[in-house]
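Data first, discussion second: the structure below is written as structure tokens.
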Amino acid sequence: MKTLPSLARQNARLLAFVFLLVELLVAAALAYFMMLPLARRSADDLAGLMILAAQTWAELPPATRPDFEYELFDSHQLALRAESPELPGPGRDEWHPPYFYLLEDALARRTGEVRHLVRERVGETHWYWTSLPAGAGRLAVGLAESRIAARPGTAVLAILAGGLVLALAAAYGLARRITAPLARLDEAAAAVGQGARPALLPETGPRELASLARRFNAMAQQVQSLLTARTTLLAGVSHDLRTPLARMRLALEMLKADPAPALIARLESDIDEMNGLIATLLDLARGLEHEPHVDTDLARMLASLAAESPRIHPQSPPCRRMVPPRALHRALGNLLQNALRYAPEGFIDLVCEPMPDGCRIGILDRGPGIPAERIAAMFEPFQRLDASRSPQTGGAGLGLAIVRELARANGWQVSLEPREGGGLAAWIVLPRAPD
């Protein structure tokens with residue numbers, strides 16, 4: 001299988017290519033709009049100086065011409081002589097550095113003659129000569145290649161080379177900075193997939209990466225909660241099913257000797273108990289299923305729930321909300337069952353109160369309540385205040401766990417708190433649905 005390039009390498013190459021294009025564009029703009037005009041101006045000035053030197057030499061007395069030639073060479077690095085070197089054949093069109101082509105054009109504009117500069121090697125230096133009018137005759141004027149110290153082509157190549165090195169370094173650094181959090185996310189996701197519990201990712205850096213890390217951390221914590229809940233569910237189911245199974249086995253043994261109706265009734269009761277436990281577990285599993293939100297009359301829903309017992313008093317103004325109706329009905333039903341079971345006396349208030357960002361529904365009873373230090377534990381599966389776990393004194397301990405899963409799946413907030421004057425208040429906060 002072909003190995004795919006890493007994201008860091010791909011981004012580094014792309015960024016380096018973009019930086020190189022930017023450098024080429026900048027170099028071309030500088031060369032065309034700055035260096036070329038300056039070079040043309042310099043070549044025109046030099047052409048004017050060469051023509052003026054030839055004309056001045058022709059007008060000077062012969063006795064002073066050697067001093068003029070010395071001063072011209074010392075001050076301007078220009079040389080004069082009667083004849084310019086002539087190169088045979090194609091040599092007259094040999095290649096020159098770019099600046100000397102500009103000088104040829106400047107001389108042609110000023111003299112009206114198109115002449116190619118002739119190159120001559122003198123020692124370690126190359127000289128360029130041209131023939132210019134000087135009075136009634138002509139005079140060869142030359143300059144050394146070293147006089148033109150500027151090397152724009154070399155400068156541009158050096159800038160491009162240095163810029164390319166910096167671009168590669170910067171591109172690689174930027175790519176690593178961008179992909180490093182993704183690499184950590186990949187390692188953490190692999191660890192979660194293997195059932196491990198990785199360290200939470202730092203929620204820092206650019207907004208998108210910080211948001212991604214935040215969502216992954218929330219997902220990882222939820223996965224761990226689900227794994228813990230699954231382990232707890234399996235342990236709790238195995239524990240709670242053992243008791244009725246043991247009673248059923250004992251009843252079957254007794255039926256062999258005495259098929260009494262009471263034993264058959266006990267078997268049916270144990271089967272009902274097991275079926276109820278399994279149904280409750282299915283309700284917990286369905287808590288994560290998605291249900292569409294529909295426009296629901298909450299006051300009517302609370303009235304239908306209150307019809308199940310004369311002890312329930314609904315108190316709700318007209319209120320309509322976009323909610324998943326079956327999930328909300330199941331959550332409120334579980335809370336009401338707990339209130340009816342653990343607060344056997346007094347009325348239970350079922351209220352709906354509007355809030356700035358939605359509304360909240362409360363089940364308020366006058367029962368014994370739950371100690372503050374046990375409230376958080378009551379939302380875990382198979383957690384009950386009654387340590388005996390007897391069916392006569394309570395359910396399977398899954399009611400609040402189901403409510404919690406329904407709240408997580410639908411974005412609600414569920415809480416338990418002591419009620420003023422005694423009792424317990426269970427609240428479900430429904431946020432306003434997005435438009």
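The values are calculated or read from the model by the stated rules, or taken from the named source; none is laboratory data. Computed from a prediction, not measured in an experiment: that's the story for all the values here. When we count neighbours, we look across all protein chains shown, and the Cβ atoms used for this are built from the backbone with ideal geometry, even at glycine. For the accessible areas, the whole protein counts, side chains as well, though only heavy atoms, and no ligand, DNA or RNA atoms are used. Shrake-Rupley method; radii C 1.70, N 1.55, O 1.52, S 1.80 Å.
A few remarks follow.
- Among 278, 363, the sequence by solvent-accessible area, most first, with a 1.4 Å probe is 278, 363.
- Of the residues 379, 17, ranked by 1.4 Å probe accessible area with the largest first, the sequence reads 17, 379.
- Calculated from backbone phi, Karplus (6.51, -1.76, 1.60) coupling profile of segment 319-325 in Hz, x at Gly/Pro: 8, 10, 9, 7, 9, x, x
- Per residue, segment 1-82 exposes 71 Å² of solvent-accessible protein surface, assessed with a 1.4 angstrom probe and all protein chains in place.
- If R0 equals 51 Å, the separation of the Cβ atoms of residue 295 and residue 164 corresponds to a calculated FRET efficiency of about 0.20.
- Near the amide H of residue 430, within less than 5 Å, lie the amide hydrogens of 359, 360, 361, all on another chain or at least 5 residues away, with H placed in the peptide plane.
- Percent accessible area from carbon and sulfur atoms, segment 131-212, protein chains only, probe 1.4 Å: 64 percent
- J(HN,Hα) series, segment 342-351, from Karplus relation 6.51 cos²θ - 1.76 cosθ + 1.60, nearest Hz, glycine and proline x: 9, 10, x, 10, x, 8, 10, 8, 10, 10
- Residues with amide H under 5 Å from that of residue 78, placed H, sequence gap 5 or more: 73
- With the whole protein complex present, residue 427 retains an accessible surface near 20 Å², based on a 1.4 Å probe.
- For segment 33-43, 3J(HN,Hα) per residue [Karplus equation, 6.51 cos²θ - 1.76 cosθ + 1.60, θ = phi - 60°, Hz, x = Gly/Pro]: 9, 10, 5, 5, x, 5, 5, 5, 5, 5, 5
- Only protein heavy atoms count here; on that basis, with a 1.4 Å probe, residue 179 has an accessible area of about 10 Å².
- Database remark: amide H of residue 311 closer than 5 angstrom to no amide H (H placed geometrically; neighbours at sequence offset of 5 or more, or on other chains; Pro and chain starts carry no H).
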